[in-house]
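J.: Below you will find the structure I want to go over with you.
FYI, it's all coordinate maths here, none of it is from the lab. Bear in mind the structure is a predicted one, so any value in this text is a computation, not a measurement. As a convention, Cβ positions derive from the backbone with ideal geometry for all residues, glycine included, and neighbour counts pool all protein chains shown.
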Amino acid sequence: MALRSPIHELHKELGAGFTEFAGFEMPLQYKGLIAEHMAVRKGVGLFDVSHMSNVWVRGKDAEPLISKIMIADPKRFPVGKARYNAFCREDGTIIDDTIFLHMPEGFYVVPNAGMNEIAVEWFKKVRDENGFDAEIIDESRETVILAIQGPKAEATMQKVVEDLDLSTLKFFECSWAKVNGKRYVLSRTGYTGEDGFELHIKPMADAEKITRMILKAGEEFDLHCVGLGARDSLRLEKNLCLAGNEFEGGRSPVEAGINWTMDWEHDFVGKAAMLKQKEGNAYELLRPLLCTDKGIPRHGCEVYDGEELVGKVTSGGMSPCMKKGIALAYVKPGHREEGRALEIEVRGKRVPCAVIKGQFVKKSECAN
Amino acid sequence: MADSEVRKGYLYTKSHEWLKVDGKKAKLGITDHAQKLLTDVVFLELPDAGAVVGKGDEVGVVESVKSVSEIYTPISGKITAVNSELEDAPEKINESPYEEGWLVEIEMKDESELGELLDAAAYEKIL
């Protein structure tokens, strides 16, 4: 049976329909996907993302261990900073993408849903192989994670956070913050491409009360509860990878186009393989494709340049903001420069599309 | 999804289509449960009126932001009408799955095929 969030009953009360994702039964939507999507782009949305994982890496060698595991160099991110990045195998393929928060006690790593055991096992392996002195603590099943996202996220959260001026917590910073008299890990991070926060509530018994407080605080901003449906459309409009889709079958950060988060100066697992791949220049690269005619590309659709098969869609859908089909696809070299006209085969029909640069929906571009 | 509506007087398939029989004709749509699983419908493809369909044939495609679902007819016959209003207002499938969200109307060729469908009570059990 699928795992459930400790606030499952509250979701039911709020009208959620559920879906199974990575072994968890989580809200798919409440009032409707598009309304939830727009609430996050224009106001504020509340997500329960307790299916995500929480792993502490603490102790004397926590920083060298994180440096060895992660493609980002933790030296560049002192206490109070957070970083999106990934950890990879020796062959350069991504095990998972994640955010680490550099907290005063150590590094608080947030791997994806169902990845906690794999992450912990991998961290321990790297620690032991290098003789590092660090403890690795899995709190995934003891923590409720709430994401509060959207332009009104700060105004909403400032009403419940008691001891921190949130205007001083910048995007991708983290801190302890007091809510309802107790302190929890708070980061200004998210997976929607909007400003927002993620609150890590441990013990989980505190979560229902805090969730209700946030719901009340957000009322004046027409806060919507948001399910996994809109979570997916929100991240796709901002070209953010979904691990199960974009890294399926073994992809490196070079191929997935997330090497912007990589620091080449430090030594990390998989670096040699990635350098070699980068120099070879023959790799497939994840590119955003915007449909220029009717049709909605989906996971697994083939991408053509004339008659030549040049790629495959890993995530596709309709953009609620643009009302157009959008997709992320791995595309061969020579067919993926900005503006390149390609076609996606959607149920036997060719849908014209173009390679674009950057995010589908740029900042404050979601009109209507 | 415990809160999905199941209408009495309709017939159902295990794949979450409904039929509303009126004499020799039957309207076909997707159930409240199906529209909730799909999320907001944004695009659909329907057949042309006059098309002859066999039991189990695809008679449409309903696409939401999140996913795509083929619609199959559990009865054979001729398509006598399609709900063209949905082209401009596909959200009617979410808002009114049993009324305004109907997809096609079929003139039945063999009414005995209806015997294989579920009534409301039987459909409710599989949700």
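J.: Enumerate the amide H contacts of A:Ala86 below 5 Å, restricted to partners 5 or more residues apart or on another chain; note that Pro and chain-start residues carry no placed amide H.
T.: Excluding prolines and chain starts, which carry no amide H, the hits are A:Ile71, A:Ala72, A:Thr98.
J.: If one computes the Cα centroid of the stretch A:197-254 and of the stretch A:281-344, what distance in Å separates the two points?
T.: That distance is 26 Å.
J.: Going by amide H atoms built from the backbone, whose H comes under 5 Å of the H on B:Gly60, apart from near neighbours?
T.: B:Ile71
J.: Which pairs, out of A:Lys60/A:Lys178; A:Lys42/A:Lys362; A:Lys68/A:Lys178; A:Lys42/A:Lys323; A:Lys178/A:Lys209, put more than 24 Å between their alpha-carbon atoms?
T.: Numbers: A:Lys60/A:Lys178 27 Å; A:Lys42/A:Lys362 13 Å; A:Lys68/A:Lys178 33 Å; A:Lys42/A:Lys323 16 Å; A:Lys178/A:Lys209 14 Å.
In this structure, A:Lys60/A:Lys178; A:Lys68/A:Lys178 lie more than 24 Å apart at Cα.
J.: What is the average number of partner chain Cβ atoms found within 10 Å of a Cβ in B:38-45? Kindly include the intermediate steps, with their values, before the conclusion.
T.: On the way: counts 4, 14, 12, 2, 9, 6, 0, 3.
Averaged over the peptide's residues, the number is 6.
J.: Return the calculated 222 nm mean residue ellipticity for chain B, to the nearest 500 deg cm²/dmol, obtained by summing -39500 (n - 2.57) across DSSP H runs with n ≥ 4 and dividing by the residue count.
T.: Working: 3 runs with 18 residues, N = 127.
That comes out to -3000 deg cm²/dmol.
J.: Ranked highest first by the average count of other Cβ atoms within 10 Å around their residues, in what order do A:333-345, B:21-33, A:60-72 fall? Mind dumping the intermediate values first?
T.: Working: A:333-345: 16.2, B:21-33: 19.2, A:60-72: 21.7.
Highest to lowest by the protection proxy: A:60-72, B:21-33, A:333-345.
J.: Could you please state, rounded to a whole Å, how far the C-alpha centre of the stretch A:1-61 is from the C-alpha centre of the stretch A:131-168?
T.: Measuring centre to centre over Cα atoms gives 15 Å.
J.: Can you tell me the FRET efficiency between A:Lys159 and A:Tyr304 if r is taken as the Cβ-Cβ distance and R0 is 41 Å, rounded to the nearest 0.05? Don't skip to the answer; put the middle values down first.
T.: Numbers: r = 52 Å, r/R0 = 1.26.
Here the calculated transfer efficiency is 0.20.
J.: Here's a follow-up. I'd like the Karplus ³J(HN,Hα) series for the stretch B:58-65: coefficients 6.51, -1.76, 1.60, θ = phi - 60°, whole numbers in Hz, and an x wherever there's a Gly or Pro.
T.: 6, 10, x, 10, 10, 10, 10, 4
J.: Using +1 on the beta carbon of Lys and Arg, -1 on that of Asp and Glu, and nothing else charged, what's the dipole of the stretch A:284-368 about the Cα centre, debye to 20?
T.: On the way: 15 positive and 11 negative charges, 80 e Å.
Dipole about the Cα centre, nearest 20: 380 debye.
J.: Let me ask you something else. Can you give me the long-range amide H partners of A:Val351? Hydrogens built in the peptide plane at 1.01 Å from N, cutoff under 5 Å, separation of 5 or more residues or another chain.
T.: Here A:Ile344, A:Glu345, A:Val346 satisfy the definition.
J.: Rounded to whole Hz and in sequence order, give me ³J(HN,Hα) for the stretch B:16-31 from the Karplus expression 6.51 cos²θ - 1.76 cosθ + 1.60, θ = phi - 60°, writing x for Gly and Pro.
T.: Going residue by residue, I get 6, 9, 10, 10, 10, 8, 9, x, 8, 10, 9, 8, 10, x, 10, 7 Hz, with x marking Gly and Pro.
J.: Separate question: Please work out the ratio of the alpha-carbon Rg of chain B to 2.2 N^0.38 Å and round it to two decimals. List each step's numbers first, then the result.
T.: Numbers: Rg = 13.4 Å, N = 127, 2.2 N^0.38 = 13.9 Å.
Taking the Cα Rg and dividing by 2.2 N^0.38 Å, one obtains 0.96.
J.: In a Debye calculation with equal point scatterers on the alpha-carbon sites of the stretch A:284-368 and no solvent, what is log10 I(q)/I(0) at q = 0.13, 0.18 Å⁻¹?
T.: Values returned for q = 0.13, 0.18 Å⁻¹ are -0.34, -0.65.
J.: Continuing with this model, one more query. In nm², what is the average projected area of the convex hull enclosing the Cα atoms of the protein assembly as shown?
T.: On the way: hull surface 97.7 nm².
Hull-based average projected area comes out at 24.4 nm².
J.: Continuing with the same structure: Could you work out how far apart the two model spin labels at A:Lys125 and B:Ala49 are, taking each label as a point 7 Å from the Cα in the direction of the beta carbon, and quote it in nm?
T.: 6.4 nm
J.: Continuing with this model, one more query. Please compute the average number of Cβ atoms from other chains found within 10 Å of each residue's Cβ in peptide B:56-67.
T.: On the way: counts 0, 0, 0, 0, 0, 1, 0, 8, 8, 15, 13, 5.
Across B:56-67, the average partner-chain Cβ count within 10 Å equals 4.
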